[in-house]
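What follows is a single structure, written as structure tokens, with notes after it.
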Amino acid sequence: MFIDARTLPEDTIIECDICIIGAGAAGITLARELIDQPLQVCMLESGGLDFDEVTQSLYAGENVGEPYYSLAEARARYLGGSTNFWGGWSRPLDEIDFQDRPWMPYSGWAFTKAELDPYYERAQKACGLGPYQYDFADWEEALKQRQLLPIPTSGDSLVTQVWQTIPPSHLRFGAAYRTQIEQASNINTYLQANVLEIATNDTAQSVTKLRVASSAGKEFWVAAKVFVLASGGIENPRLLLNSRQVQNTGLGNQHDLVGRFFMEHPILNSGKVQFPHHTNLYSRKDVPVDGTLLSTGLGLSSQVQEREQLLNFTIRFNPFLHEGLEALKRLSFRLQQSKNPDALQTILKDHRKIPQTSVIEDVGKVVVNLDRVVDKAYTKFFSNKSSAKKVANVCSTRLIAEQAPNRDSRITLSSDRDKLGLNQVKLDWRLSEIDRYTMKKSQQIIAAELDRFAENELTDNNIDWHSLRGSYHHIGTTRMSTNPRLGVVNEHCQVHGIDNLYIAGSSVFPTSGLSNPTLTIIALSIRLGDRLKTHLGGAVGAASSFVTIP
């Protein structure tokens, strides 16, 4: 059932077997795995069922590193979390992403991809995706039948990478699974419930309870046998760092690792390519194939990554729009914003449209390029349908890369506090030399391959470093390692040194890989659910005892 925390009397104590902090992709997935189990589950969600700007403002923070989005707009704080605004692009991490790569410091997971494959398959089904097939060869014949052909590269240096897109029926977790969560007899979900502190025993080896406040400010407590922190790659470390009654540096932070190794998937514009034919396979998104929506990118094989000492990487091709048309699109977006009372929600739903220029600049570009704008409008409204649907063979390119773990790229607390009294975060996102080298060298490799059959402007001079931004993927701030000096959690996502505190989500990833993180978040949450069901099953009913899971 759903319970509005604002209706609870002050100092209420809620008791349960498992408490999940956060109701986004990780929290909802874990809760679904625990439905109908002999376990009482409490899930805490800071927001309500819908977007609320006041609650959203609790995400406010400061950026002091690479240019980044406003932290108050970088994720969503209501049921479903940031799945409310994502596009659903899904892909497992590659096998090389799990490996110890000598050219990448701090690389390597605590297990291989084979360990996660069964959970990826279950994640596919949970998300309504197609078969667990991400090799291009699995889809090549079906795509050829639709005249969607791969770029004719030579050798084995480049690979066509495949993404699947979650269908609308499963895309927004808050909407898709609301009824199931609400009707689960063993799950109580508290809305408008904000965790203020994770309290422990005197040795900080067990969590005893959570201090929680409703959005109205009334405080209450949650006691459980096991606690799972599932609030995202920024809020997870924030809560640990703010919980310092026993450990003055923050929970799980005895080796100064909480908040470090913040990673993103940096993206930037890099040039233009003119192909002798259309490139529908790479420029179209969500191509339907036997009920599955596919999208592709062009990346580097693992052999090339190893030979050239590169990180994982992809390049995407988008139909080229002249700057006048791009300016017109931005002006149109601004107009929509002005008419929309929920402008912030609109921005969050499609961050790629956020204008980076002024209105005066964009009006100027439209006027200077008026002939192109008029020609485009004529084609759209007066040309016959066949010509209007022709796909241009000129594409702009966008680079998307893995980021190497970097200790100095981190989340810390600022002296500013939110309206509930918690210290806000300070994000210092930093790139390493290998990150920039990967983008430059990878583009050179792809440009050399394209030179055989296409005209391209993929040179260092065309890389627009000023356009570099993140992908709204917050990774690595409570990283996994079997060694407590190298990670915050162990291979089971249990916080080192604390017997009943776990972390779910992309904050535990040791490396970011190339793929969008949500499918891996879901797979890891299913894996954690299996572990909790196995080890807690026989412990139900021990009202005041805490369970140590080896």
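By other beta-carbon atoms within 10 Å, ranking Val54, Val488, Val304 with the fewest at the front produces Val54, Val304, Val488.
Taking a point 7 Å out from the Cα of Ser157 in the direction of its Cβ, the residues of region 445-481 whose backbone N falls within less than 12 Å of it are 445-452.
Report relative contact order for region 122-280 in percent, whole number only (criteria: Cα-Cα under 8 Å, sequence separation at least 6). Walk me through the intermediate numbers first.
On the way: 137 pairs, mean separation 24.1, N = 159.
Computed value for region 122-280: 15 percent relative contact order.
Here, each number is a calculation from the coordinates, and none is a lab measurement. Computed from a prediction, not measured in an experiment: that's the story for all the values here. All Cβ positions, glycine included, derive from the backbone under ideal geometry; neighbour counts span all protein chains shown.
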